[in-house]
Amino acid sequence: MFNKSMQRLGEERSVIRELFEYGNARKKEIGAENVFDFSIGNPSVPAPACVQNEIKRLIDTVPPEVLHGYTSAAGAPEAREAVSAYIQKEFGAPMSANLIYMTCGASASLAITAAALCEEGDEFVVIAPFFPEYRIFVEGAGGTLVVAPSDSRFHLDIEALSHAVTKHTKAVILNSPNNPTGAVIGEEELKQLALLLEKKSEEKGEPIFLIADEPYRELVYGTKVPFPMKYYNETILCYSFSKSLSLAGERIGYIAVSPACKSAEEVFAAVCGAGRKLGYVCAPALFQRVCAASLGKVSDVGQYRENRDILYDFLTETGYECISPEGAFYLFVRALEPDAVAFAERAKKHELLLVPSNSFGVTGYVRISYCVSRTTILRSLPAFKELFEEYRPAHPERSEGSR
Ligand code: PLP
């Protein structure tokens with residue numbers, strides 16, 4: 001026999017992936033230009049030139065058996081050093097290469113961190129709406145996911161968090177800039193969260209960790225993302241280059257354990273142990289080096305910003321309700337009927353592929369990933385208008401009596 005819960009996990013279809021597959025099939029049927037696929041967060045802007053240049057340089061200068069060989073499990077020393085130096089310089093936060101663990105992207109960073117921290121009976125608090133895979137990583141590590149709501153603008157609801165965080169809490173997972181809302185958690189909120197976690201840690205008698213999931217850190221529009229380690233000691237940063245350098249398919253990121261953690265070295269050892277247990281021998285060797293040379297570089301965020309502005313302006317003028325995202329590349333739009341799944345199905349009839357919010361832990365919204373070509377954005381606008389008018393006709397038919 002085999003593990004039935006793994007079978008279920010494999011068979012259970014990710015709504016996002018399912019929609020993405022549907023989109024690919026539909027594109028074959030009616031032409032790619034006629035399908036408005038807003039389903040997946042696959043960066044549409046190319047990696048900055050430094051990435052391609054560094055790949056070529058490495059291929060030309062490093063012997064292949066070295067370039068493609070194993071690195072240390074925690075990562076190539078040069079890559080760990082470079083990440084540590086970057087964090088110190090960019091954020092003015094203390095860091096050590098000995099606390100950096102190179103990973104296969106944020107998913108691996110999160111799965112490893114959850115496994116490194118989780119003991120029997122532990123709870124991990126997430127803030128809705130949240131990235132659906134958190135549940136898989138936390139439950140996979142043997143923990144329980146506890147969902148706290150955000151406030152009406154998708155920012156922190158400290159009161160709700162203070163109820164959700166208990167003596168059973170091992171960590172709070174914070175994702176800013178946020179998928180799916182684009183909200184960026186500001187300094188004041190972060191300070192309040194840090195105060196809450198300090199108080200709760202004291203009551204618990206041991207530290208509660210803050211897991212900062214930050215694949216969108218650099219994708220912001222006129223705002224800065226405060227660096228959580230500067231506000232809360234027990235922070236573990238789960239970073240990825242998937243979005244900032246448009247390298248989602250290359251699987252590269254890192255975990256950084258704050259040197260201010262009470263047991264930083266032991267936590268780091270647990271990270272290494274969890275990576276080992278989960279079978280991550282080392283992160284991709286070529287891309288460890290490429291990313292080390294590209295720290296601080298970002299794909300052209302201006303293109304996402306323009307997509308955001310075009311869509312946001314058009315949708316709100318049409319009558320849709322949404323909050324202008326401060327970061328990431330997602331718009332979270334209120335569905336035009338209470339059932340977001342039914343709304344997304346109706347949107348499909350207009351070739352609009354939108355992700356219903358249920359899988360993010362809230363009802364009544366759809367997520368639009370606007371990391372798509374400008375042409376797709378522009379061509380989709382009439383479809384959004386038609387969809388809106390289907391629900392709220394611009395000129396409702398007059399009754400017989402009024403004619
Ligand atoms: N965390 C969030 C909030 C995400 O949106 C994603 C991917 O979309 C991930 C983690 C996983 O990123 P990666 O592709 O680096 O594994």
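Taking the criterion of being in contact (Cβ under 8 Å) with a residue 24 or more places away in the chain, within 16 Å of the ligand (Cβ to nearest atom), in contact with a Leu (Cβ under 9 Å, 6 or more places away or on another chain) and within 17 Å of Ala248 (Cα to Cα), would at least one residue in the stretch 10-17 satisfy it? Before you say what the answer is, go through the steps one by one.
Of the stretch 10-17, the ones in contact (Cβ under 8 Å) with a residue 24 or more places away in the chain are 14-16.
With within 16 Å of the ligand (Cβ to nearest atom) added as a condition, the list becomes 14-16.
Add one more test, that the residue is in contact with a Leu (Cβ under 9 Å, 6 or more places away or on another chain), and what stays is none.
No, the stretch 10-17 contains no residue that is in contact (Cβ under 8 Å) with a residue 24 or more places away in the chain, within 16 Å of the ligand (Cβ to nearest atom), in contact with a Leu (Cβ under 9 Å, 6 or more places away or on another chain) and within 17 Å of Ala248 (Cα to Cα).
For the stretch 264-285, the count of residues that are buried (at least 22 other Cβ atoms within 10 Å of the Cβ), touching a residue at least 12 places away in the same chain (Cβ under 8 Å), within 12 Å of the ligand (Cβ to nearest atom) and in a loop (DSSP other than H, G, I, E, B) is at least one.
Conditions tested, residue by residue: (1) among the aromatic types (Phe, Trp, Tyr); (2) in contact with a helix residue (DSSP H, G or I) (Cβ under 9 Å, 6 or more places away or on another chain); (3) within 16 Å of the ligand (Cβ to nearest atom); (4) within 17 Å of Lys262 (Cβ to Cβ).
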{"position": "Leu174", "(1), (2), (3), (4)": "no, yes, yes, no"}
{"position": "Pro177", "(1), (2), (3), (4)": "no, no, yes, no"}
{"position": "Leu190", "(1), (2), (3), (4)": "no, yes, no, no"}
{"position": "Ala194", "(1), (2), (3), (4)": "no, yes, no, yes"}
{"position": "Glu198", "(1), (2), (3), (4)": "no, no, no, yes"}
{"position": "Lys204", "(1), (2), (3), (4)": "no, no, no, yes"}
{"position": "Glu218", "(1), (2), (3), (4)": "no, yes, yes, no"}
{"position": "Thr223", "(1), (2), (3), (4)": "no, no, no, no"}
{"position": "Pro228", "(1), (2), (3), (4)": "no, yes, yes, yes"}
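The set of residues from the stretch 231-253 being among the charged types (D, E, K, R) and surrounded by fewer than 24 Cβ atoms within 10 Å (Cβ to Cβ) comprises Glu250, Arg251. Cβ-Cβ contacts under 7 Å between residues 6 or more apart (or on different chains), taken from a first residue in the stretch 214-227 that is over 19 Å from Gly253 (Cα atoms) to a second residue that is basic (Lys, Arg), are listed as Tyr221/Arg305; Tyr221/Arg308.
Yes/no matrix, rows are residues, columns are (1) farther than 15 Å from Val301 by Cβ; (2) part of a strand (DSSP E or B); (3) over 17 Å from the mean Cα position of the chain (by Cα):
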site: Pro207; (1), (2), (3): yes, no, yes
site: Ala212; (1), (2), (3): yes, yes, no
site: Tyr216; (1), (2), (3): no, no, no
site: Gly222; (1), (2), (3): no, no, yes
site: Pro226; (1), (2), (3): yes, no, no
site: Ile236; (1), (2), (3): yes, yes, no
site: Leu245; (1), (2), (3): no, no, no
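With the condition kept exactly as written, say whether any residue in the stretch 301-311 is within 30 Å of Leu381 (Cβ to Cβ), aromatic (Phe, Trp, Tyr), within 16 Å of the ligand (Cβ to nearest atom) and not assigned by TED's automatic domain parsing to the domain that holds Asn98.
yes
If I filter the stretch 149-170 for residues that are in contact with a helix residue (DSSP H, G or I) (Cβ under 7 Å, 6 or more places away or on another chain), outside any loop (DSSP other than H, G, I, E, B), within 25 Å of Ile255 (Cα to Cα) and within 16 Å of the ligand (Cβ to nearest atom), do I get at least one hit? No, the stretch 149-170 contains no residue that is in contact with a helix residue (DSSP H, G or I) (Cβ under 7 Å, 6 or more places away or on another chain), outside any loop (DSSP other than H, G, I, E, B), within 25 Å of Ile255 (Cα to Cα) and within 16 Å of the ligand (Cβ to nearest atom). For first residues located in the stretch 101-115 and aromatic (Phe, Trp, Tyr), partners that are away from the ligand (no atom under 11 Å from the Cβ) and not in a helix (DSSP H, G or I) and lie 6+ apart or on another chain with Cβ distances below 7 Å form the pairs Tyr101/Ala74; Tyr101/Gly75; Tyr101/Ile255. Of all the numbered requirements in (1) within 15 Å of Phe287 (Cα to Cα); (2) at pLDDT 95 or above, Arg135 misses one, and that requirement is (1). Filtered by the rule that a residue be over 18 Å from Tyr232 (Cβ atoms), in a strand (DSSP E or B) and within 15 Å of the ligand (Cβ to nearest atom), the stretch 91-146 gives Tyr101, Met102, Thr103, Ala128, Leu145. Checking the structure you have, find out if any residue of the stretch 245-258 is away from the ligand (no atom under 16 Å from the Cβ), within 16 Å of Ala115 (Cα to Cα) and of a type in the set (A, V, I, L, M). Yes, the stretch 245-258 contains at least one residue that is away from the ligand (no atom under 16 Å from the Cβ), within 16 Å of Ala115 (Cα to Cα) and of a type in the set (A, V, I, L, M).
The values are calculated or read from the model by the stated rules, or taken from the named source; none is laboratory data. Predicted model, so just to flag it, every value in this text is computed and none were measured. Cβ atoms come from the backbone with ideal geometry, glycine included; neighbour counts cover every protein chain shown.
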